[in-house]
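First the structure, in the form of structure tokens, and then the observations on it.
The values are calculated or read from the model by the stated rules, or taken from the named source; none is laboratory data. Since the model is a prediction, treat every value here as computed from it, not as a measurement. Quick reminder, even Gly has a Cβ in these numbers, built from the backbone with ideal geometry, and neighbours come from all protein chains shown.
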């Protein structure tokens, strides 16, 4: 196969992964654009939404761990379309506005499909598509593409919601739209993706030969014994803990400035999706071309985010005006999304063997996304128990504390990287 054909297949596979990555979480994170309508038309409180997200997070957490058993064994050509089709079916069920018990069950199924089947498979494939010098860019472009897809699909759903009168029928129509899109992409992905044995080619084979372990431990055990995988995973944990708090910028703006539901939805789309298009490429470019280190970039961002959050929590929000409030929250989100874009890239920096990439990414996802299992419930409970802006101030301080701990861990990882270079 010529180099041009290999390159074409690489980017075709990458494009298919990006389409799925930009749509598979739409239903599981319906709150991003429709937090207030969910409360109004589905009868959900802050705590109920938070509990649903947290239960789904626990399912995701153990799903990431269970993914170790399947991600290196089942071809992405099967795994990715199947998970997208499952999401479609769950969305059709959600559009009926079921009871809260069924609502929780659907969210658990969404977590299994997205986080156990799709996400580790996608991360493994993206890492193997690029060499060591391309990791920041590959993950950055992926995040930007996700952001583009997220924004387009979410604005279409919001337009449908408004066209139906911003009422219960509009929310149902938006959910149906969110369901149909991944079903269509599942069909596209099935025809665009190559089986693993066909498209991993020289990159994976070279890695396997160069890095084949002398010991006879299995892939899973080798990954579990690798200290550096756990360090990178914990760093992802602290980024994601801050990320979970971004959700509450949306109801905060309504509480502080009385924004209408549709405008809050527009802000939510920009905050949760649009900034991926900015943060992803910027984070990837700075990582690869300026700092030459994803870990160093994360450390810098942790300091900036912690400082802004600490100051923002103390500001007199009712006096500073809506534009300042939106500008500050969007700035925080931009930094966090740039961190999300590259927070798995340090796997190459700390020299994780490529032949255990699937298991490494599963462990990284298990630990890194663990905050999704409890932080939404924690943040939601804080807001329900501390009325008014005081609850939001507490949430912002908690986010800042996680950022400070992330800075300290990033500093330690940089020390480990320097020690590896010396050795």
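Total residues in the range 64-80 satisfying the condition of being within 28 Å of residue 174 (Cβ to Cβ) and more than 19 Å from the chain's Cα centre (by Cα): the figure is 0.
Checked against (1) at pLDDT below 80; (2) buried (at least 16 other Cβ atoms within 10 Å of the Cβ), residue 241 meets all criteria but (1). Just one of the listed residues (337, 374, 344) is surrounded by 23 or more Cβ atoms within 10 Å (Cβ to Cβ), under 20 Å from residue 248 (Cβ atoms) and modelled with pLDDT of 80 or more, and it is 337. Scanning the range 318-334 for residues that are over 15 Å from residue 245 (Cα atoms) and crowded, with 18+ Cβ neighbours inside 10 Å yields a single hit, 325.
On the basis of being modelled with pLDDT of 90 or more, part of a helix (DSSP H, G or I), touching a helix residue (DSSP H, G or I) at 6+ places or on another chain (Cβ under 8 Å) and farther than 21 Å from residue 64 by Cα, does residue 417 make the cut?
No: the conditions fail for residue 417.
Looking at this structure, is residue 63 part of a helix (DSSP H, G or I) and within 30 Å of residue 386 (Cβ to Cβ)?
Spelling it out, it is not the case that residue 63 is part of a helix (DSSP H, G or I) and within 30 Å of residue 386 (Cβ to Cβ).
Against the conditions (1) assigned to a helix (DSSP H, G or I); (2) crowded, with 19+ Cβ neighbours inside 10 Å; (3) modelled with pLDDT of 85 or more, residue 40 satisfies every one except (2). Taking (1) in contact (Cβ under 8 Å) with a residue 12 or more places away in the chain; (2) farther than 23 Å from residue 233 by Cα in turn, residue 403 satisfies each apart from (2). Just one of the numbered conditions (1) surrounded by fewer than 20 Cβ atoms within 10 Å (Cβ to Cβ); (2) under 18 Å from residue 252 (Cβ atoms); (3) over 23 Å from the mean Cα position of the chain (by Cα); (4) at pLDDT 90 or above is not true of residue 391: (1). For the residues 17, 85, 92, the requirement of being crowded, with 24+ Cβ neighbours inside 10 Å and assigned to a helix (DSSP H, G or I) singles out 17.
Looking at residue 78, is it assigned to a helix (DSSP H, G or I) and closer than 24 Å to residue 244 by Cβ? It is false that residue 78 is assigned to a helix (DSSP H, G or I) and closer than 24 Å to residue 244 by Cβ.
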